[in-house]
Amino acid sequence: MNSPLKPSKVVFRDHKGKKISSYKLNRGDEKYLTLNRKRLVGVLYDKYLELGGEVVFNNNIEDFKNNDITPKDKSFDAELIFGCDGINSLLRTKKFKSIPPIFSGFTAWRSIKESSYPFEKNNGEDINFYLGPNSHIVTYPIGERTYSATCIIKSSDWTEESWILKGFKGEFKSDFKDWNDDLLSYLSDSELYKWGIFQRPLLESFSTNNLFLLGDSAHAMVPFLGQGSCLAIEDSYCLAEILEKKELTDEAKKIFDDLRLSRCRNIYKRSLRQAKLNHISNPLLIFLRNKLLSYLPLANFMVRDIHSYDLDAELKKII
Ligand SMILES: Cc1cc2nc3c(=O)[nH]c(=O)nc-3n(C[C@H](O)[C@H](O)[C@H](O)COP(=O)(O)OP(=O)(O)OC[C@H]3O[C@@H](n4cnc5c(N)ncnc54)[C@H](O)[C@@H]3O)c2cc1C
């Protein structure tokens, strides 16, 4: 599979394709990479096996009592349990005072496009944001001649039973009907999937007894700052460092909550704010937003502190 790529800039355009602004990436020692998620999972998986880890596939966890987790075929007695079972987490539902996932009011169309050329012919290595009324599209390369597209639209509800569906070209084009036709034709000429975007209310703590929630099971949020998987990886690294030094103690749990609750709450709230900014529909406000984006380094400024977060430095202050 392809190696990660180093994008050189982020470009903002309106929904007709007209450029609004851009800022540079990967100057100096910055490290921004874009890559296929499968590749990242593959790297983590190989490392886990190398460290002696074992994976049991095709075994849904069906029950959970204290130290005992029970998939279909056998039961495990576990000293420590990490609940990484996503937004629909069974472990969260069983062990935390928990409200079910709530539809966010947004639907995502997603595709991975294999093409000999990018849509923006001179910007194949860039991250491209297109901002339209009540909708936005992000495209970026995830490997040689492979592009990822996420197309978000405001929608009143999600009535399908499944959270992910195969989507149809005609429906996609009608959701984005006033958009640049060439862009829509380019994107819809590949397999499209449609997702309802859900979130879960924030918890007061990410642990109970010997169970820790990580990733979406702990803090599923709207994806408009592209941080869900990043936070899941940070959670795991943070917890591993704390447990190594403090073992499974109340102090360890408190340090984990102190570090992760504030970081995740901050990004959870800002992702919702970003949703408002990306989906403005009032023409006057669109004009003002685009002017601000074009004259001030606003887009870069709004995410700089998220991207430059130094977890090692934060850990050093506490443990
Ligand atoms: C449209 C969209 C765009 C996004 N864009 C980005 C982005 O650009 N950058 C970013 O960082 N994040 C992004 N995200 C968010 C990201 O996808 C999630 O935050 C991330 O996948 C969460 O990882 P996770 O491991 O916690 O959960 P998941 O990826 O949901 O994994 C959970 C796993 O647990 C398994 N599981 C569930 N229940 C059980 C059970 N009972 N027994 C056994 N196994 C079980 C599932 O099969 C699954 O494999 C986006 C999300 C969406 C919807």
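The values are calculated or read from the model by the stated rules, or taken from the named source; none is laboratory data. This structure is a prediction, so every number in the text was calculated from the model and none was measured. Glycine gets a Cβ as well: all are built from the backbone with ideal geometry, and neighbour counts include every protein chain shown.
In segment 257-308, what residues are more than 23 Å from the chain's Cα centre (by Cα) and among the small types (Gly, Ala, Ser)?
Passing the criteria: Ser281, Ser294.
Of the residues Ile137, Ile81, Ile87, Ile102, which single one is within 10 Å of the ligand (Cβ to nearest atom) and at pLDDT 90 or above?
On the way: Ile137 fails: within 10 Å of the ligand (Cβ to nearest atom); Ile81 fails: within 10 Å of the ligand (Cβ to nearest atom); Ile102 fails: within 10 Å of the ligand (Cβ to nearest atom).
One residue alone meets the criteria, Ile87.
In segment 164-246, which helices (runs of 4 or more DSSP H) lie fully inside it and hold 3 or more residues that are out of contact with any strand residue (DSSP E or B) (no Cβ under 8 Å at 6 or more places or on another chain)?
Details: elements: 169-175, 181-188, 216-219, 228-246.
Where helices (runs of 4 or more DSSP H) fall fully within segment 164-246 and carry at least 3 residues being out of contact with any strand residue (DSSP E or B) (no Cβ under 8 Å at 6 or more places or on another chain), they are 169-175, 181-188, 228-246.
Tally time: how many residues in segment 162-198 are within 14 Å of the ligand (Cβ to nearest atom) and without any contact (Cβ under 8 Å) to a residue 12 or more places away in the chain?
Total satisfying the criteria: 1.
Check segment 228-245 and report whether any residue there is surrounded by fewer than 14 Cβ atoms within 10 Å (Cβ to Cβ) and either under 21 Å from Ile127 (Cα atoms) or assigned by TED's automatic domain parsing to the domain that holds Ile152 (or both).
no
Could we say that Leu49 is more than 29 Å from Ser155 (Cα to Cα), assigned to a helix (DSSP H, G or I) and more than 14 Å from the ligand (Cβ to nearest atom) here? Walk me through it before giving the result.
On the way: more than 29 Å from Ser155 (Cα to Cα): yes; assigned to a helix (DSSP H, G or I): yes; more than 14 Å from the ligand (Cβ to nearest atom): yes.
For Leu49, the condition - more than 29 Å from Ser155 (Cα to Cα), assigned to a helix (DSSP H, G or I) and more than 14 Å from the ligand (Cβ to nearest atom) - is met.
For segment 93-110, what are the residues that are over 29 Å from Ile153 (Cβ atoms) and either among the charged types (D, E, K, R) or part of a strand (DSSP E or B) (or both)?
Passing the criteria: Lys94, Lys95, Lys97.
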